[in-house]
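J.: Got a structure for you, questions after.
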Amino acid sequence: MTTIAPAPVPVRAFVPTGSGLSFGGELRSEWIKLRTVRSTIWSYATVIVISLGMAALMSAALDLGGNPVPADAQATFLAQAATFGVFFGQLVVAVLGVLAISGEYSTGMIRSSITATPRRLPMLAAKAVVLFVCTFVVGLVSTVGSSLVAAPILAGKGVTASLVDPDLLLPLLGGALYLALVSVFALGVGAILRSSAGGIAAALGIVLLLPIVLSMIPATWAADLLPYLLSNAGLAIFGLDLGSAGLEVWQNVLIVLAWVAVSLAGAAVLLKRRDA
Amino acid sequence: MIQAQSLTKRYGSKTAVDAVDFTVQPGRVTGFLGPNGAGKSTTMRMIVGLDRPTHGSVTVNGKQYREHKAPLREVGVLLDAKAIHTGRSAYNHLLAMAATHSIPASRVKEVIELTGLESVARKRVGGFSLGMGQRLGIAAALLGDPATLILDEPVNGLDPEGVQWVRHLVRHLAAEGRTVMLSSHLMSEMAVTADHLIVLGRGRVIADAPVAELIGAATRKTVRVRTPYAPELAALFQSADITVTGTGTDLLEIVGISAAEIGNLAARAGIALHELTPVSASLEEAYMALTQNDVEYRTGGTPDDPAAEHTAADLQESVR
């Protein structure tokens, strides 16, 4: 059996040099991670295409029956057509939000991520920021693009509005904001459950099924709770008021933020506590 | 330098790592050796903070891994080939890892060239072979030009050329004054790569010594003895230091006593010997001897398994 002679002991131990860990670096890393998997591209493309398609379909199918829309309601009309796709978009970004972290668990990537960011929470925070910003931008492209698609069709039916009209602009921003918040909420769910299938089921269950189930319960408490559900409050941000309780837009934003906060807080505690 | 102090990890009632103490010194290659399930990977995962120790602590250059300002420059780690998103290309994986520490893209290209991944760097990792995945894992470990390298089974899945390359790489890195720790369950691999060995068995350190010393101590000379009076001869060796193995009706393998002494004892007892051959145990056998009581997953032996071992006392029992 041959053995190589022991390596000569160097004069001194190797001292590492160079740049260190920073939150800016974390953000760049998460941005690279998000844009370099196909599911992101597909999801965002789907959100935009569905939104544009729904806007075209809605405005084309609109039959006013010859009655003119009052001038002060025209912007809201256009806003509804432009944000209709958000109802479907929320499901897509919920799936994307779960996959942004569950994909790391299912492939083992999370171990690489955590060795690069051993304090763990900055990684989750950077993921949430990047996902929020990207989804917000995509959401804005969807809603503004949809309003541009719907505007000429509705103009033919006597409905016109300026893009800077607050009755149009605020719902467009609100729809984008809601999409961004749903994706971050789903990120938290994915981090808690650490599984793509489980995370997607849970996130879609909360977004889609919970309002339906609750509205079928013939009890006052169930009806009272409806406006505080994630999707009901979220859709109300831009005027798709399903479980109306007469809440202001800012109140609905706060409700959605509370859902996001709970989801991220649960994710943070478990991420810190559990073995990776 | 890596220092573990009464490092313990329990999963439920199962103790994976049991109050382990060791120090991994810079400037040499330290082999982390042990059978499957001995706690090697768990220990490595605790070093880089993936698993939280149940008790005790482990530090890298005096600090817990997560306390370092530039973790990837402090420790480069290859845990297993499956720590990479399969939907991302090798280049983008390394780029994302590098970005956290603001490591430039030029360094990413460097490690890709160093590990010979140029031709597949733009391909998605999901289609990589085990060996390519391993090279990518090593590339990721080298990304931060780290002072400490922790490589779990680095030669797994590599072709002979790759094995050779890893061997030279780790020796080169250690010669630069870095701390290099690599695990393996192959003693032969360690014998040609490592300077120092820490042997784990069932979550405990069962040896911690320079390779040469360990080989010397572990490869106790075996003497093969052929005699028609095997039970009678076996009965002569009652000392706890002497192990007698029956490998046939008239064949014994005796460890712990020299051939000359066996011959003398046999002559005094009037036992005829037909063969008396000193056999040098191979490294592999030495390792088996060292860890035989600490193997967690053992393959079931057959009743007439020639390797089935009996102590002298057992053998006497079966004869009576």
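Just so you know, all these numbers are worked out from the coordinates, no wet-lab data involved. Predicted model, so just to flag it, every value in this text is computed and none were measured. No Cβ is skipped: glycine too gets one built from the backbone with ideal geometry, and neighbour counts run over all protein chains shown.
J.: Given a Förster distance of 56 Å, report the FRET efficiency between B:Glu118 and A:Trp250 from their Cβ-Cβ distance, rounded to the nearest 0.05.
T.: On the way: r = 55 Å, r/R0 = 0.97.
In this case the efficiency is close to 0.55.
J.: In addition: Please give the FRET efficiency for B:Thr249 paired with B:Ala209, using the beta carbon to beta carbon distance and R0 = 45 Å, rounded to the nearest 0.05.
T.: 0.70
J.: Tell me, what HN-Hα J-couplings in whole Hz come from the Karplus equation 6.51 cos²θ - 1.76 cosθ + 1.60 at θ = phi - 60° for each residue of region B:259-268, using x for Gly and Pro?
T.: 4, 4, 5, 4, x, 4, 4, 5, 4, 5
J.: Something else: Using R₀ = 30 Å, calculate the FRET efficiency as 1/(1 + (r/R₀)^6) where r is the Cβ-Cβ separation of A:Val141 and B:Ser129; round to 0.05.
T.: Computed FRET efficiency for A:Val141 and B:Ser129: 0.15.
J.: Rank B:Arg135, B:Arg202, B:Arg122 by mean-square fluctuation in a GNM of chain B with C-alpha springs under 10 angstrom and give only the top-ranked residue.
T.: Maximum fluctuation in the GNM of chain B, among the listed residues, is at B:Arg122.
J.: What nm distance separates the two modelled labels at A:Val49 and B:Asp241, each placed 7 Å from Cα along Cα→Cβ?
T.: Each label point is offset 7 Å from its Cα along the Cβ direction, giving 8.0 nm.
J.: Report the relative contact order of chain A, percent, no decimals, based on alpha-carbon pairs under 8 angstrom and at least 6 residues apart.
T.: Across chain A, relative contact order equals 23 percent.
J.: While we're on this one: PRE reach from A:Asp72 (point 7 Å along Cα→Cβ): which of region A:127-168 fall under 17 Å by backbone N?
T.: A:160-162, A:165-168
J.: Taking θ as phi - 60°, what are the ³J(HN,Hα) couplings along region B:48-58 by the Karplus curve (6.51, -1.76, 1.60), each to the nearest whole Hz, with x for Gly and Pro?
T.: 9, x, 6, 10, 8, x, 6, 9, x, 8, 9
J.: Relative contact order for chain B: what percent, with Cα pairs under 8 Å and sequence separation of 6 or more?
T.: Details: 635 pairs, mean separation 66.0, N = 320.
Rounded, it is 21 percent for chain B.
J.: Still on this structure, I have one more. Search the structure for amide H atoms under 5 Å from the amide H of B:Leu200, placed 1.01 Å from N in the peptide plane, and list their residues when 5 or more places away or on another chain.
T.: For B:Leu200, whose amide H was placed from the backbone, the distant partners under 5 Å are B:Leu33, B:Gly34, B:Ile206.
J.: Could you tell me whether region A:123-276 comes out rounded, prolate or oblate from its Cα gyration tensor? Rule is a ≥ b ≥ c as square roots of the eigenvalues, rounded for a/c under 1.5, then prolate if a/b exceeds b/c, otherwise oblate.
T.: Taking the square roots of the gyration eigenvalues as a ≥ b ≥ c, region A:123-276 is oblate.
J.: Please list, by residue number, everything in region B:172-188 whose backbone N is under 17 Å from a paramagnetic label point 7 Å out along Cα→Cβ of B:Ser106.
T.: Inside the label zone: nothing.
J.: Where a Cα-Cα gap under 23 Å defines reach, which lysines qualify for B:Lys123, not counting those fewer than 8 residues away within the same chain?
T.: Leaving aside lysines fewer than 8 places away in the same chain, those within reach of B:Lys123 are A:Lys33, B:Lys82, B:Lys109.
J.: Collect residues whose amide H, placed 1.01 Å from N in the peptide plane, falls under 5 Å from the amide H of B:Leu149; neighbours closer than 5 in sequence don't count.
T.: It is B:Gly76, B:Thr179, B:Val180, B:Met181, by chain and number.
J.: Right, next: If you add up the charges near A:Leu78, with Lys and Arg at +1 and Asp and Glu at -1, over every other residue whose beta carbon is less than 11 angstrom from its beta carbon, what do you get?
T.: Values: positive: A:Lys157; negative: A:Asp165, A:Asp167.
Result for the local shell: -1.
J.: Net charge near B:Pro154: determine it from the other residues with C-beta under 13 Å of the C-beta of B:Pro154, scoring Lys and Arg +1 and Asp and Glu -1.
T.: Here the charged neighbours net out to 0.
J.: Quick one: what are the phi-derived ³J(HN,Hα) couplings along region B:228-234, Karplus 6.51/-1.76/1.60 with θ = phi - 60°, whole Hz, x for glycine and proline?
T.: x, 10, 4, x, 5, 5, 4
J.: Give the cross-link partners of B:Lys69 among the lysines, using a straight C-alpha distance below 21 Å as the criterion and excluding same-chain residues fewer than 8 apart.
T.: Candidates past the 8-residue exclusion: A:Lys127, A:Lys272.
J.: For A:Asp165 and A:Val262 in one chain, what is 0.36 nm times their gap in residues minus the Cα-Cα distance, to one decimal in nm?
T.: Answer, rounded to one decimal: 31.5 nm.
J.: Next question. How big is the antiparallel share of DSSP beta bridges in the protein assembly as shown, given as a percent to the nearest 5? Walk me through the numbers on the way to the answer.
T.: Details: 34 of 52 bridges.
Given both bridge residues lie in the protein assembly as shown, the antiparallel proportion sits at roughly 65 percent.
J.: Using Cα pairs under 8 angstrom and six or more residues apart, how large is the relative contact order of region B:143-217, in percent? Mind showing how you got there, number by number?
T.: Numbers: 68 pairs, mean separation 20.0, N = 75.
The normalised contact order for region B:143-217 reaches 27 percent.
J.: Starting from the amide H of B:Asp18, placed 1.01 Å from N in the peptide plane, find each other amide H under 5 Å away whose residue is 5 or more places distant or on another chain.
T.: Amide H neighbours of B:Asp18, under 5 Å, 5+ apart: B:Lys9, B:Arg204.
J.: To continue, here is another question. Mind checking which of B:Ser239, B:Ser106, B:Ser13 has the largest fluctuation in a GNM of chain B, springs on alpha carbons under 10 Å?
T.: B:Ser13
J.: Something else about it: Taking a point 7 angstrom from the Cα of A:Ser39 along the C-beta vector, which residues in region A:193-213 have backbone N less than 15 Å away?
T.: Inside the label zone: A:193-204.
J.: Note down the magnitude of the dipole of the protein assembly as shown about its Cα centre, charges +1 on Lys and Arg C-beta and -1 on Asp and Glu C-beta and zero elsewhere, to the nearest 20 debye.
T.: Around 1120 debye, computed over the protein assembly as shown.
J.: Assign one of three labels to chain B, namely rounded, prolate or oblate, based on the Cα gyration tensor with a ≥ b ≥ c the square roots of its eigenvalues; rounded applies when a/c is under 1.5, prolate when it is not and a/b is larger than b/c, and oblate otherwise.
T.: Taking the square roots of the gyration eigenvalues as a ≥ b ≥ c, chain B is prolate.
J.: Here's another thing I want to ask about it. Highest GNM mean-square fluctuation, chain B, Cα pairs closer than 10 Å: which of B:Ala141, B:Ala98, B:Ala240?
T.: Evaluated over chain B, the most mobile residue of the options is B:Ala240.
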